Structure formats: C-alpha cells, structure tokens
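Presented below is the structure to which this report refers.
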Amino acid sequence: MSKRSAAVCGSAALAVALPLVALAPAAAEPHRNAGDPASGTCRTQDDPQASGWSSYEEVAAELARLEATSDGRVEVDVIGQSAEGRDIHAARVGTGDRVLIVQSAVHGNERTGTEALLGLLNDLATGNDPDTLRALEGLTLVALPIANPDGLELNRRTSVLSWEDVVEQYPQLEGAPTAWYHRASNLGIDLPGFDLNRDFNPDLDYVPSPEDLPGVGTDAGFFLAPESRAVRDLYLDLRDEFGTVDAFVDLHHMGPCNALTGGPQDGRQISVALDYPPLGVDDGAAYLAEWPLLDQDASRRHALAVAQGIQEAYGEQSPLAAVGRYLHPDEREFAGQGRSAFALNGTATVLFEVRGQSHSFGQKMGGMLTQSVQTGLESLVDSMATGAVDTLDGDDFFDMPDYGWDTTAD
Ligand SMILES: [Zn+2]
C-alpha cells in the first residue's frame, strides 16, 4: 500500500517500457488521436491468445489462497453464477464504514484490472505498514476481479447467453424484440451473449418488460443477464448493510492509440483514461427530478484521487503517469452502464479505460499498465479511508488533459 513500494515497481517498469512509449513526434494531422496501431509510437503487438493474463481458474485459486492466508482479513464470497455456471467471486477486505466496490472484466477481454485487483488484495491481506492498517480501518473494499467469467474465458467482450434462454427465464418476453445490446456473436466467436455493461438499470428492482424492448443506447438496460444481476444484488446487499455504497469503480480497456492533448505529457500515448458517468448534457440534469441523489462532482473527486495518486507515485513525466480524461462530450449518454445506474442511486463512480485491449501488448507493457491501475486504486482506497477525497475540488478534473475529442474546431 505504501507509495514507496509503488515507486520502486514503477522504476523497474519504466526501464523496460520506454522503447514502446518514447516521445511522440509532432504529428502533421490535426487529430493526434488518429494513430495507426501497425506502426509508429502506438505500435501494438497482437497476441490473440492473451498469454500472460490469469485464467478464470488461476484467479479463483489466488482468491482462495488470499482468503486462507490473510489471517481473517479477506473474505471471498460467491455472489452468483455466470450463464455457463462459473462462480462470480467477490473478495471483501477492511472494516471501515465507507464502502468501495471495484469491478473488473465485465468486458472479458479487458484484464489489467483483474491483475491489479489481485495485487491490491494481496497488499491489503498481508501488509502491516501504517498506510495499509489505516486503509483497513477506514474502508470496506469489495473487489470483483472477474464480473464476466464466460467472456474472460473466451477472451472476448460479451458474455455467453442465448436469447432463447433469456425468454425461458422471462416468459413475458416471448415474441418481444431482442434487446439492442444482445449480440449473435462477438470477436469471431459464434456464441450469442450480452454487452453486460449496457444491462444495468437505475431502478434496481426493475423486472424485464416486453414493451421496453429492444431499448436504445442512451437509456437504461434490463438486467437480463445473471452476471449483471449478481453485481446489482451485491450492491443492494451492501447498501442494506451500510446505508449507502460510497463509490463504485469499473475497470476497462480502450483503443491503443490516443495521444494526450495538453498537460505535462502532451502528445504522448495515454496510459489510463478516467471518467465520471455519461448522463447527457448539463451534468445529467434531466435525471435529477427522478434521481436526486446523482452527484457528478463526487464522481469527479474520486477520479481525481486516482489521477493525483498515480502522478504522485511516478512523477508526472513517467509513462505510467500518462493519465487523462476519457471521451466525454456533453451529449454522451449511457444510462444502462453499471456506473451510471449506481451513480443515479447516489454512488460516486469512476471509469478506468486502460490503453489497448488485453491482446494488444506484450507482457511488459501489460505489466506496466497493470501497475498504473493498481496504484490508482491504492490512491483511491487511501483517499477514501482518510476522507481526503472529500476535500478535493471536482472542477479540477476538467484541468486534466484529454486526447483530442474535446475539439474546439471552428
Ligand atoms: Zn470495456
């Protein structure tokens, strides 16, 4: 948990990572995020086997080991099963009044977050330094290293579930259109499934109804998949226990070629992009009448705690600290994402988008990005445990660089 140990790991990663992320030359084209993965400064490898990432069985075994060796600090629960019958694990650590849920791999091919969570849990399970003890005392962390086990095992984005099986479970949907975020196949794998990160609804008691289908991208989802229902149920259980869930973090990956615009690393490839909930114009003002607990500024404060922690740990010139804002034009609106649904219920939510997909980079770059994610999570844990996150100015989030989407073209 100590920033010192993070910095040591960062130095080691820096040495191996520099050739891949050397300073980008000034680009001729106006949009510097239009990079080419096949060449240049954002060159990626292509490892479709996704070697180097933990399998579902390996993650389950590591969680069991952590529970067995943590002297009672870590408790691992099964919060549900995937459509193919794999257990969905949640690891809980800490005894504080504030509650943080961190979810990874809801998109099964986005996996740095899973490794980062195992590292974070290991530190919290075994550390006896003052920072670790303060975190355990001030916070209750519930980690979901693999929210989409079936997708992870296929190394693809979507879950595995046929529409026929959905209708079998919800007979009222017989004859209704298929939900817009259900796919017949994904990444060349001919199995149907859901984009689980569109399957959430701010009405946490929502029951699927045929007149709501197929739905639209800007609106809420329908809790049609067992994986999203398991996450919803975990949220409700924690809200019952603590009164509120303070924060929810969702760990993802993005494209490999997005250069920061502005800031101390102007022009370099972004490593981790952060975001608050995409709920349309005026900070989601249209939702406030029905969902008065929405607090976009609280989400931005939590995102800032992540970003500042990464920059303090590595120094603002380090490739590990190439942090910026994720794509967020005013009109961007995805009410069916988990982070949006929970935010509308009063939880501060932060999206991590890590550069590249799991197969985009070799193990060295993957390890470096994993380290950045873990450091960001450690910073948020510390900031929530101490209450420092409450003292940040959420408007400072907008001072962070983006990667060219926020154009002011004339
Ligand atoms: Zn994703």
For this session: Assess whether D237 counts as being surrounded by fewer than 19 Cβ atoms within 10 Å (Cβ to Cβ), without any contact (Cβ under 8 Å) to a residue 24 or more places away in the chain, in a helix (DSSP H, G or I) and away from the ligand (no atom under 16 Å from the Cβ).
Result: yes
For this session: Please find, within segment 155-169, the residue that is farthest from the ligand (Cβ to nearest atom) out of those that are closer than 15 Å to E227 by Cα, among the polar types (S, T, N, Q) and not in a helix (DSSP H, G or I).
Result: S162
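Restricting to segment 240-254, and then to whatever is surrounded by 19 or more Cβ atoms within 10 Å (Cβ to Cβ) and over 14 Å from Q103 (Cβ atoms), can you tell me which residue is nearest to the ligand (Cβ to nearest atom)? Don't jump to the end; show me each part of the working.
Within segment 240-254, the first condition is being surrounded by 19 or more Cβ atoms within 10 Å (Cβ to Cβ), and the residues that meet it are 245-254.
Now narrow it down to the ones that are over 14 Å from Q103 (Cβ atoms): 246, 254.
Values: D246: 23, M254: 8 Å.
Step by step, filter segment 240-254, then rank; the result is M254.
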Exercise. Which residues, counting only those in segment 157-169, are within 13 Å of A184 (Cα to Cα) and touching a Leu at 6+ places or on another chain (Cβ under 7 Å)?
Worked result: R157, S159, V160
For this session: Restrict the check to segment 271-283 and report whether at least one residue is modelled with pLDDT under 95 and under 20 Å from the mean Cα position of the chain (by Cα).
Result: yes
Problem set entry | Which listed residue is surrounded by 24 or more Cβ atoms within 10 Å (Cβ to Cβ), of a type outside the set (S, T, N, Q), under 16 Å from the mean Cα position of the chain (by Cα) and modelled with pLDDT of 90 or more, from A348, A322 | A348
For this session: Any chance you could count how many residues in segment 110-127 are within 16 Å of the ligand (Cβ to nearest atom), polar (S, T, N, Q) and touching a Leu at 6+ places or on another chain (Cβ under 7 Å)?
Result: 1
For this session: Any chance you could count how many residues in segment 158-194 are in contact (Cβ under 8 Å) with a residue 60 or more places away in the chain, surrounded by fewer than 21 Cβ atoms within 10 Å (Cβ to Cβ) and either at positive phi or hydrophobic (A, V, I, L, M, F, W, C) (or both)?
Result: 1
Exercise. Looking at A286, is it of a type outside the set (D, E), buried (at least 24 other Cβ atoms within 10 Å of the Cβ), part of a helix (DSSP H, G or I) and away from the ligand (no atom under 16 Å from the Cβ)?
Worked result: no
For this session: Of all residues in segment 351-372, count the ones that are at pLDDT 85 or above and within 13 Å of the ligand (Cβ to nearest atom).
Result: 5
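The values are calculated or read from the model by the stated rules, or taken from the named source; none is laboratory data. Since this is a predicted model, take the numbers as computed values, not measurements. As a convention, Cβ positions derive from the backbone with ideal geometry for all residues, glycine included, and neighbour counts pool all protein chains shown.
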